[in-house]
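Chemist: Right, I'll just put the structure down here and ask away after.
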Amino acid sequence: ALQDRFALHLYSVNGKHLSSVPLEQEVTALCVTEEFVVLGTTQCGLEIRDLQSLRAAVPPVPMRVPVHSVSVTKEKSHILVGLEDGKLIVVGAGQPAEV
């Protein structure tokens, strides 16, 4: 089924396929930092994954509304999450306990 077709793929700058992971949710927003990939989904999820392994760095952070955009602040201290209902959620990007 189409629901099983979502995946995240990592390529080198030379186009070599490095890794991929299946995703359970449709990605609607993505932001990449030096260490992490931040994903927002239609199913109201915010995922923070390690850029090298693509594994979840922290458990998914539930949002109550589908995510339309994600951005990481320059200092990498916060994640800005734009939601479908127009709200902007600010998530602390410190230790997982702080999130």
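Chemist: Work out how much length Ser12 to His68 would gain on full extension: take 0.36 nm times their residue separation and subtract the Cα-Cα distance, in nm to one decimal.
Modeler: Roughly 17.5 nm would be gained on extension.
Chemist: Of Gly40, Gly86, Gly15, which has the largest mean-square fluctuation in a 10 Å C-alpha GNM of the chain?
Modeler: Evaluated over the chain, the most mobile residue of the options is Gly15.
Chemist: Work out Dmax and Rg for the stretch 17-73 from the C-alpha atoms and quote the Rg first, both in angstrom.
Modeler: Computed over the Cα atoms of the stretch 17-73, radius of gyration and Dmax are 10.8, 34 Å.
Chemist: Now for a separate question. Give the carbon-plus-sulfur fraction of the accessible surface of the chain in %, rounded to a whole number; probe 1.4 Å, heavy atoms of protein chains only.
Modeler: With neighbouring chains kept in place, the figure for the chain is 53 percent.
Chemist: Only Lys, Arg, Asp and Glu count, each charged at its Cβ (+1, +1, -1, -1), so figure out the dipole size of the stretch 6-92 about its Cα centre, rounded to 20 debye.
Modeler: In debye, rounded to 20, the stretch 6-92 gives about 100.
Chemist: With unit charges on the beta carbons (Lys and Arg positive, Asp and Glu negative) and the dipole taken about the Cα centre of the chain, which residue among Thr33, Pro62, Ile89 sits farthest to the positive side?
Modeler: Thr33
Chemist: OK, next. Could you report the chain's accessible area per residue, 1.4 Å probe, as an integer in Å²?
Modeler: That works out to 66 Å² per residue.
The values are calculated or read from the model by the stated rules, or taken from the named source; none is laboratory data. Predicted model only: the values in this text are computed from it and were never measured. Counting neighbours? That spans all protein chains shown, and the Cβs are built from the backbone with ideal geometry, glycine included. Keep in mind that these areas ignore ligands, DNA and RNA; they rest on the heavy atoms of the full protein, side chains included. Shrake-Rupley method; radii C 1.70, N 1.55, O 1.52, S 1.80 Å.
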